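Written below as structure tokens is the structure these notes are about.
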Amino acid sequence: MPEKPIKGEKRYFMTGNEVVAYAALAAGADIMYGYPITPQNEIMHYWTRLAPRYGKDFLQTEDELSAGFTTVGGVLAGKKSFTATAGPGNTLMQEPVSMAEAMRLPIVVVIQQRGGPSTATVIYSQQEVTMTTIGGNGEGFRIVYSTATHQELFDYTIKAFNAAWKYRFPTFVLGDGYQAKMRESLTMYDPEEKGIPIVPSEPYVGKPGVPGVDRPPGQYRNTYNVEEELYEVVENLARDFNAIAPEVAEYESLEAGRSDLVVVSHGVISRAVKEAVSELREAGASVGYFRPVTLRPLAEKELRDAANKAKAMLLVESANGQMARLIKDAAYGCKAEMIPLYKPGMGITAEEVAAKIRSILG
Amino acid sequence: MAKAVKIILAGEGGQGVQSVAEIIAEAANEEGREALYIPNFGVEQRGGVSVAYLQIGDRPIGSPKFLKADIVIALSDRAVYRTLKYVGPETVFVYDAGIKGVEDVIPKSARKVLAIPALQVANEELNPRVFNVIIMGAVVRATEVVSQDRAKDAIEKKLGYKFEKNPELRDLNFKAIDRGAELVTGLV
Amino acid sequence: MSLQLAMPKSWRVDTKPHKFCPGCGHGLVLKALGQAIDELGIQDRTVYGCDIGCSLLSWDFFNFDSIQTHHGRTTPVITGLKRANPNLIGIAYMGDGGGYAIGSQHLVNAASRNEKITVILVNNTQYGMTGGQMAPTTMPGQKTETSPYGRDPEKTGYPTQGPEMVAAVTREGAYVARGTVSNPRQLRGFIKKALENQIQGRGFSFVEVLSTCPTNWRTNAEETWKFVEKEMTRYFKVGEIKVPEPRHEEGK
């Protein structure tokens with residue numbers, strides 16, 4: 001059995017779903033649990049073809065509740081476990097994710113956003129931002145990476161497994177139907193050959209020795225008897241999450257502190273924004289961009305800095321203000337005026353962004 | 001640097017527009033260019049028109065889909081209707097000359113409108129099976145996103161295993177590329 | 001008194017006395033489970049999952065690794081765990097609401113896939129933790145908080161026949177039985193066989209246990225035993241429902 005799926009660096013041309021399957025292998029994932037839903041299906045298709053060659057496993061479950069909870073079980077057994085879903089599946093996934101959030105279980109969930117609400121389209125959207133960042137009956141103690149390119153899908157899927165096991169919070173890779181289905185080039189590599197250490201997993205249950213004799217039993221719960229007990233648990237979760245936030249938060253920006261207008265976007269839309277901004281900058285416009293890579297936690301300090309220096313921020317997304325809510329909350333009290341460009345469930349092109357920028361700058 | 005070339009290929013299921021787009025995209029990638037190809041997919045695709053969005057350039061590609069194409073190739077009457085929205089003043093609109101009853105809807109605002117007899121060439125000169133390869137030849141010549149030779153290499157890569165068993169197939173496919181190219185030579 | 005020492009070795013002494021109501025059947029089921037585990041000597045590799053409902057009160061009951069999950073979701077958690085590490089012995093412990101209502105799709109599909117796990121489902125004919133609402137197992141005519149005039153089978157169906165359903169969707173290798181807290185020795189035997197079935201890697205094993213809830217039934221000791229022994233057994237037949245064929249060894 002070959003030890004490593006990828007050796008050396010090589011350029012590939014493939015779909016995003018295929019990229020995720022390879023990246024999970026490269027990250028050392030042991031087992032995937034999944035349930036079919038478009039547009040993430042090919043992650044399972046490629047995983048089920050690749051996995052047995054590397055001694056990895058797969059289970060097709062009866063629904064996304066089960067996919068999420070079996071992933072929880074896999075993690076408890078000490079295996080790097082992941083699942084992938086979209087749309088209504090993500091809705092169901094919020095229940096197991098909230099358990100993982102409560103119990104610090106490092107599950108990895110790949111989301112390929114589709115249209116909403118309801119069944120909507122199987123094609124594309126950025127309408128699962130609210131649900132993915134702060135869904136469930138919890139406080140949003142999750143790490144969410146929003147990718148824009150196939151290279152990032154590869155890089156951040158690997159990073160998601162590492163972050164999950166390092167920080168022990170459920171971790172999402174937030175892609176979308178476009179990224180899932182489109183083909184473009186990327187360079188794949190073995191992370192360790194590139195100096196990216198793989199964070200090891202460890203079992204929560206079933207460790208060596210007889211519980212109660214050689215070691216205390218590993219006993220985990222998410223139900224508490226009194227308010228004070230829960231309050232302490234959530235306070236600890238919040239403290240730990242806030243402590244890692246500056247280390248985890250990632251963003252990208254261009255002249256965000258020196259431009260009149262800063263365009264804010266995330267994920268695949270940031271490609272269009274970058275194109276529009278660079279074109280208009282070449283023409284002399286005072287415009288920059290800010291792109292959060294992590295939607296949870298946000299790079300708040302840098303965002304606030306940009307929002308205090310700019311006259312206005314243009315918030316661009318394929319949703320009716322879901323990213324905007326996160327941005328406005330983080331930038332509360334900053335002086336930039338917030339201007340929307342929302343196209344829920346629709347792609348947005350560089351031409352549309354450029355036209356909007358021109359209309360704002362006059 | 002020039003902007004990416006934006007291409008729409010649209011046809012009925014089975015006409016092979018997605019394979020054509022994928023092969024061209026892979027050929028461009030092999031040449032070290034930036035390529036992005038995305039099909040329409042999902043509910044609409046079942047029994048609907050198959051649309052391929054293809055962009056090839058020298059810088060990272062922006063959004064995967066686009067509003068106006070540089071070239072639209074429509075291979076059925078439904079595909080003509082479906083792709084009208086991608087036609088702007090800079091667009092070259094190509095459709096198969098065998099499509100009937102669409103003369104009135106063909107966009108007058110396009111930079112150029114070309115009716116090419118690809119289906120006829122496939123049926124009468126070559127083989128109906130290489131219809132989409134003729135289209136590929138036409139796209140490659142019209143856009144110059146990759147060279148004709150590179151397009152042939154890409155076909156070889158994809159279908160080489162079949163050509164090994166039946167070398168005549170190779171000739172047929174290569175001829176289809178050349179004939180497709182001829183159909184648009186000097187017209188775009 | 002030497003009778004006090006009958007506590008199974010695998011019980012956690014420091015969490016006793018346990019948290020169940022007086023007269024609750026859970027303690028008897030968990031005693032049978034503890035004894036079976038002691039006899040099989042699998043305390044070191046047992047992982048116990050408990051559901052929401054009164055079963056959650058057992059999250060620190062034993063001296064083995066335990067996970068308290070969500071309502072109905074213990075079956076998939078233990079399934080995922082067992083798939084990731086087949087050396088573990090996975091036990092999913094739940095009530096009738098968790099197994100037959102909110103988690104029924106998990107139970108049916110885990111059984112259909114012949115997951116190598118053991119599910120123990122305690123049937124006390126209503127939702128105990130939430131205050132005595134009607135459950136899939138509520139008896140015809142039985143009064144609960146959501147069937148205050150008695151369960152009307154015309155409107156709400158008949159009690160779910162869980163083991164029979166599981167037996168119907170499993171193939172060879174599965175073990176399915178229904179025990180009762182009124183016969184602890186037999187119950188211990190069923191649970192032990194269910195666990196042995198998993199140890200041998202043969203298939204899904206499922207034991208439903210007829211149990212008591214005097215708190216919500218509002219019964220005294222005599223009425224409680226009468227209900228579990230006489231009333232419940234009219235709909236729920238105690239005994240083994242599916243037993244795997246003896247395995248044929250090579251060369252024998």
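The values are calculated or read from the model by the stated rules, or taken from the named source; none is laboratory data. Bear in mind that the values here come from a model prediction, so they are computed numbers and not experimental data. Counting neighbours? That spans all protein chains shown, and the Cβs are built from the backbone with ideal geometry, glycine included. Just so you know, the surface numbers come from the protein's heavy atoms only, side chains and all, with ligands and any DNA or RNA stripped out. Shrake-Rupley method; radii C 1.70, N 1.55, O 1.52, S 1.80 Å.
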(request) Principal axes first, then extents: for the Cα atoms of chain A, list largest minus smallest coordinate on each axis, whole Å, largest first. (result) 74, 51, 41
(message) Once each part is reduced to its C-alpha centroid, what is the distance from region A:273-325 to region C:1-74 in angstrom?
(response) 55
(message) Compute the distance from the alpha-carbon center of region A:69-136 to that of region C:200-232, in whole Å.
(response) 37
(request) Would you mind computing, in nm to one decimal, how far apart the modelled labels at residue A:278 and residue A:10 are, each placed 7 Å from Cα along Cα→Cβ? (result) 2.9
(request) Select from region A:1-48 all residues whose loss of accessible area on going from the chain by itself to the full protein assembly reaches 40 Å² or more (probe 1.4 Å). (result) A:11, A:13
(request) Give the accessible surface of region B:5-184 per residue, rounded to a whole number of Å², with probe radius 1.4 Å and ligands, DNA and RNA excluded. (result) 43
(message) Taking every alpha carbon pair in region A:319-359, what does the distance histogram look like in 10 angstrom bins from 0, in percent?
(response) 25, 47, 27, 0
(request) For the protein assembly as shown, build the convex hull from the C-alpha positions and give me its volume per residue in Å³. (result) 215
(message) As a test of the formula, what do you get for chain A when each DSSP H run with n ≥ 4 contributes -39,500 (n - 2.57) and the sum is divided by the residue count, at 222 nm and rounded to the nearest 500 deg cm²/dmol?
(response) -12500 deg cm²/dmol
(message) If you take every residue apart from residue C:102 with its C-beta less than 13 Å away from the C-beta of residue C:102, what net charge results, scoring Lys and Arg +1 and Asp and Glu -1?
(response) -3
(message) Compute accessible area for region A:214-238 by itself and then with all protein chains, 1.4 Å probe, and report residues whose area falls by 50 Å² or more.
(response) A:219, A:221, A:223
(message) Sort A:201-210, B:134-143, C:211-220 by the packing proxy (mean of other Cβ within 10 Å over each peptide's residues), most packed first.
(response) B:134-143, C:211-220, A:201-210
(request) Measure off, as a whole percent, the carbon and sulfur share of the 1.4 Å-probe accessible area of region A:10-188, all protein chains present. (result) 50
(message) Just to be sure I understand: if you take the accessible area of chain C alone plus chain A alone and subtract the pair, with a 1.4 Å probe, what total do you get in Å², rounded to 100?
(response) 2800
(request) Give the carbon-plus-sulfur fraction of the accessible surface of region C:149-252 in %, rounded to a whole number; probe 1.4 Å, heavy atoms of protein chains only. (result) 48
(request) Go ahead and collect, in residue order, the members of region B:74-98 whose backbone nitrogen is under 11 Å from a label point 7 Å along the Cα-Cβ direction of residue B:68. (result) B:86-92
(request) Leaving out ligands, DNA and RNA, calculate the buried accessible area for the pair A and B with a 1.4 Å probe, summed over both sides, in Å² to the nearest 100. (result) 2000
(message) Given points 7 Å out from each Cα along the Cα-Cβ axis, report the residue A:247 to residue A:228 separation in nanometres with one decimal.
(response) 3.2
(message) Which residues belonging to region A:187-211 lose at least 20 Å² of 1.4 Å-probe accessible area when the assembly is complete, relative to their chain isolated?
(response) A:205, A:206, A:210, A:211
(request) Please report the orientation-averaged projected area of region B:5-184, defined via the convex hull of its C-alpha atoms, in nm². (result) 10.0
(request) Run through every distinct alpha carbon pair of region A:70-184 and return the Kirkwood hydrodynamic radius in angstroms, one decimal place. (result) 13.9
(message) Roughly how far apart, in whole Å, are the Cα centres of region C:136-195 and region B:76-148?
(response) 67
(message) So with the 1.4 Å probe, I'd like the accessible area per residue for region C:17-242, rounded to whole Å².
(response) 35
(message) Please give me, ordered by residue number, the GluC sites (Glu not before Pro) of region B:28-90 that lie in loop per DSSP and have at most 10 other Cβ atoms within 10 Å.
(response) none
(message) How compact is region B:54-120 by the rule of thumb for globular proteins, expressed as Cα Rg over 2.2 N^0.38 Å?
(response) 1.17
(request) Let me have the 222 nm mean residue ellipticity of chain B computed from DSSP H runs of 4+ only, each contributing -39500 (n - 2.57), with the sum over all residues rounded to the nearest 500. (result) -13000 deg cm²/dmol
(request) Two decimals is fine: what's Rg over Rh for region A:252-361, C-alpha atoms, Kirkwood radius as Rh? (result) 0.92
(message) Using a probe radius of 1.4 Å on heavy atoms only, what accessible surface per residue do you get for region A:252-361? Whole Å² is fine.
(response) 39
(message) With +1 on the Cβ of every Lys and Arg and -1 on the Cβ of every Asp and Glu, and nothing else charged, how large is the dipole of region C:1-98 about its Cα centre, in debye rounded to the nearest 20?
(response) 80
(request) Heads up, I need the accessible area for residue C:24: 1.4 angstrom probe, whole protein in place, Å², nearest 10. (result) 30
(message) Ignoring ligands, DNA and RNA, please state the percent of accessible area on region C:15-133 from carbon and sulfur, probe 1.4 Å.
(response) 56
(message) Students often check this: by mean Cβ neighbours within 10 Å, which of A:224-237, A:182-195, B:60-73 ranks highest, and how do the rest follow?
(response) B:60-73, A:182-195, A:224-237
(message) Taking the Cα centre as origin and putting +1 on Lys and Arg beta-carbons and -1 on Asp and Glu beta-carbons, what dipole magnitude results for chain C, to the nearest 20 debye?
(response) 140
(request) Report the semi-axes of the equivalent ellipsoid for region A:4-142 in whole Å, largest first, where each axis is √(5λ) for an eigenvalue λ of the Cα gyration tensor. (result) 24, 19, 13
(message) Once R0 is set to 22 Å, what does the formula 1/(1 + (r/R0)^6) return for the Cβ-Cβ distance between residue A:118 and residue A:45, expressed as a FRET efficiency to the nearest 0.05?
(response) 0.30
(request) Can you tell me the equivalent ellipsoid semi-axes for region C:1-86? Use √(5λ) from the Cα gyration tensor, largest first, whole Å. (result) 23, 17, 9
